[in-house]
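Engineer: Here it is, the structure, as structure tokens.
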Amino acid sequence: MSGAVGGPTGSPEDWGMETRAVRAGTRRSEFGEHSEAVFLTSSFVFESAAQAAARFSGSEDGNVYSRFSNPTVAMFEQRLAAMEGGEACIATGSGMAAITTCAMTLLSAGDHAVVSRSVFGATTNLFENILSRFGVSATYVSPTDPGEWEAAMRPETRMLYLETPSNPLAEIADVQAIAAIARGRGAALVVDNCFCTPVLQRPLSQGADIVIHSATKYIDGQGRVLGGAIVGSREYIDKKVLPFLRTAGPSLSPFNAWVLLKGLETLPLRMRQQSANALAVARWLEAHPMVERVLFPGLESHPQFALAARQQDAPGAILSFVVRGEGASLDDARAIVRPDEPIESARGRAAAWRVIDGCELLSITGNLGDTRTTITHPASTTHGRLPPAARAAAGIGEGLVRLSVGLESPEDICADLSRGLAEGG
Ligand SMILES: *Cc1c(COP(=O)(O)O)cnc(C)c1O
């Protein structure tokens, strides 16, 4: 096809998202394979001692050792960078490896980070229990109030870190507003784009400096492998991340990179369909008499509906809802009430558990981003280790249920939920 008639040219920057998802980063070996090859090799051979020396020193491009160079991993990195609109990418063995690598390459002893209060639990643990031992401090702020970010900035602040939408309350952080706070102060804004993926939101185009992924979630999308990635400028990736990867080794396996490449091919289709399914389920839940509240950025009732509509191409596929505690019987609540816990909060939990246990189709699991809808009770699982007061302050009540909506028919998802939501129990 020729660029003159508007078809794709040879350069991913000219391609639409779907074309990038199936074509960007592809490299063929001498065998001319159509589907990307899996290079399951730990090292690479050289034609001569001189070539080996040149490859090791970096004066000649080419693969050396799969801790930091592998063609299958490189194909995944280039495809994801093209989809995010970033210059370069390094893949890692998990999302947490990506976040750790990012922190280790941006922060030194004495530095400070401003972190959204609503980030993945292990990310908070990383700052609290690990980075703190190396002299890095962090201040936690509301993702929805840029004023708190501004107030938390210090001369030694080097990193601002957020997820949007947040888990499980679907709060939206204003990336442009927070990027403006970081700009010109020697601090990088890092956005974990796990929930939207580049298909629905491209933080780099809104002023973020670095995008993080847990590829384990939507990018795989079928619950098979762990993976992670860091997308940023060529300068940051080549000068900071690559040397860290080469030294510390948080590397992605070539096999997992191949699975994730296949995941990227269908990501645009999956994200748009799952997001549409989630909107249908959210509307149905909002009209249900036993549901007190639905938290989903695609509903007009969401406090940041307008911001989400501006910042994202679609609302995404994670939603939470609060089940009415009065729906639970007192006997159910008495059976699970904890010492010193008010019966009202046990009733909320009993009502939420009844919805979850009523499901025959949906999977009861903490994972998200799968083609299969998953259902979770955050207060007793993913957020169960938080002290009850901190949980309540974070808005994660006992009646809250989180759904990661998949590719089933929305009618079947609603029919499954309606079993446990039936009035009167
Ligand atoms: C799961 C998750 C992570 C961690 O990713 P792993 O691949 O499990 O290490 C980080 N951020 C978000 C938002 C996640 O959901």
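Engineer: Filter segment 217-233 down to the residues that are open to solvent by 10 Å² or more (accessible area, probe 1.4 Å) and in contact with a helix residue (DSSP H, G or I) (Cβ under 6 Å, 6 or more places away or on another chain) and list them by number.
Structural biologist: Of everything in segment 217-233, those that are open to solvent by 10 Å² or more (accessible area, probe 1.4 Å) and in contact with a helix residue (DSSP H, G or I) (Cβ under 6 Å, 6 or more places away or on another chain) turn out to be ARG224, VAL225.
Engineer: Between a first residue in segment 147-168 that is farther than 20 Å from LEU204 by Cβ and in contact (Cβ under 8 Å) with a residue 40 or more places away in the chain and a second residue that is part of a strand (DSSP E or B) and within 15 Å of the ligand (Cβ to nearest atom), which pairs have beta carbons less than 7 Å apart while being 6 or more apart in sequence or on different chains?
Structural biologist: Qualifying pairs under 7 Å: ASN167/ILE318; PRO168/SER320; PRO168/ARG402.
Engineer: Regarding TYR236, is this residue more than 14 Å from the ligand (Cβ to nearest atom) and either open to solvent by less than 50 Å² (accessible area, probe 1.4 Å) or over 19 Å from ALA88 (Cβ atoms) (or both)?
Structural biologist: yes
Engineer: Ok, one more. In segment 49-78, which residues are in contact (Cβ under 8 Å) with a residue 12 or more places away in the chain and in a helix (DSSP H, G or I)?
Structural biologist: PRO71, THR72, VAL73, ALA74, MET75, PHE76, GLU77, GLN78
Engineer: Then there's this: Scan (1) within 16 Å of the ligand (Cβ to nearest atom); (2) within 29 Å of ARG234 (Cβ to Cβ); (3) open to solvent by 40 Å² or more (accessible area, probe 1.4 Å) for the single condition THR164 breaks and write down its number.
Structural biologist: (3)
Engineer: Which of the residues spanning segment 297-313 are open to solvent by less than 20 Å² (accessible area, probe 1.4 Å), within 22 Å of GLN176 (Cβ to Cβ) and assigned to a loop (DSSP other than H, G, I, E, B)?
Structural biologist: PRO297, GLY298, HIS302, GLN312
Engineer: Here's a follow-up. Please enumerate the residues belonging to segment 125-161 that are of a type in the set (A, V, I, L, M, F, W, C) and either more than 15 Å from the ligand (Cβ to nearest atom) or more than 24 Å from MET96 (Cβ to Cβ) (or both).
Structural biologist: LEU131, PHE134, VAL136, ALA138, VAL141, TRP149, ALA151, ALA152, MET153, MET159, LEU160, listed by residue number.
Engineer: PRO198 passes all but one of (1) touching a Lys or Arg at 6+ places or on another chain (Cβ under 7 Å); (2) at pLDDT 95 or above; (3) buried (at least 22 other Cβ atoms within 10 Å of the Cβ); which number fails?
Structural biologist: With respect to (1) touching a Lys or Arg at 6+ places or on another chain (Cβ under 7 Å); (2) at pLDDT 95 or above; (3) buried (at least 22 other Cβ atoms within 10 Å of the Cβ), PRO198 is out only on (1).
Engineer: Tell me, please, whether a residue that is open to solvent by less than 50 Å² (accessible area, probe 1.4 Å), in contact (Cβ under 8 Å) with a residue 60 or more places away in the chain and either in a helix (DSSP H, G or I) or basic (Lys, Arg) (or both) can be found in segment 328-341.
Structural biologist: Looking through segment 328-341, none of the residues is open to solvent by less than 50 Å² (accessible area, probe 1.4 Å), in contact (Cβ under 8 Å) with a residue 60 or more places away in the chain and either in a helix (DSSP H, G or I) or basic (Lys, Arg) (or both).
Engineer: Right, next: Could you figure out which of (1) farther than 30 Å from LEU295 by Cα; (2) within 17 Å of the chain's Cα centre (by Cα) isn't true of PRO198?
Structural biologist: Unmet for PRO198, out of (1) farther than 30 Å from LEU295 by Cα; (2) within 17 Å of the chain's Cα centre (by Cα): (1).
Engineer: Then there is this: From the set of residues in segment 20-73 that are among the β-branched types (Val, Ile, Thr) and open to solvent by 40 Å² or more (accessible area, probe 1.4 Å), which is farthest from VAL259 (Cα to Cα)?
Structural biologist: This residue is VAL45.
Engineer: Let me ask something else about it. Would you mind stating whether PHE244 is over 26 Å from PRO378 (Cβ atoms) and crowded, with 18+ Cβ neighbours inside 10 Å?
Structural biologist: Taking the combined requirement at face value, the residue satisfies it.
Residues are listed down the side, and each one gets a yes or a no for (1) within 17 Å of the chain's Cα centre (by Cα); (2) buried (at least 19 other Cβ atoms within 10 Å of the Cβ); (3) part of a helix (DSSP H, G or I):
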| site | (1), (2), (3) |
| --- | --- |
| PHE255 | no, no, yes |
| ARG270 | yes, yes, yes |
| GLN273 | no, no, yes |
| PRO315 | yes, yes, no |
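Engineer: Same structure, new question: If I filter segment 84-94 for residues that are among the polar types (S, T, N, Q), open to solvent by less than 20 Å² (accessible area, probe 1.4 Å), modelled with pLDDT of 95 or more and part of a helix (DSSP H, G or I), do I get at least one hit?
Structural biologist: Scanning segment 84-94 turns up no residue that is among the polar types (S, T, N, Q), open to solvent by less than 20 Å² (accessible area, probe 1.4 Å), modelled with pLDDT of 95 or more and part of a helix (DSSP H, G or I).
Engineer: Under the condition of being in a strand (DSSP E or B) and within 9 Å of the ligand (Cβ to nearest atom), which residue from segment 204-225 is nearest to LEU106 (Cα to Cα)?
Structural biologist: Out of the qualifying residues, it is ILE212.
Engineer: Looking at the structure I just gave you, is VAL337 touching a helix residue (DSSP H, G or I) at 6+ places or on another chain (Cβ under 8 Å), among the aliphatic types (A, V, I, L, M) and under 17 Å from CYS414 (Cα atoms)?
Structural biologist: Spelling it out, it is not the case that VAL337 is touching a helix residue (DSSP H, G or I) at 6+ places or on another chain (Cβ under 8 Å), among the aliphatic types (A, V, I, L, M) and under 17 Å from CYS414 (Cα atoms).
The values are calculated or read from the model by the stated rules, or taken from the named source; none is laboratory data. On a predicted model such as this, the values are computed, not experimentally measured, just so you know. Cβ: placed from backbone, ideal geometry, glycine included. Neighbour counts: every protein chain shown. The accessibility values were calculated without ligands, DNA or RNA, using every heavy atom of the protein model including side chains. Shrake-Rupley method; radii C 1.70, N 1.55, O 1.52, S 1.80 Å.
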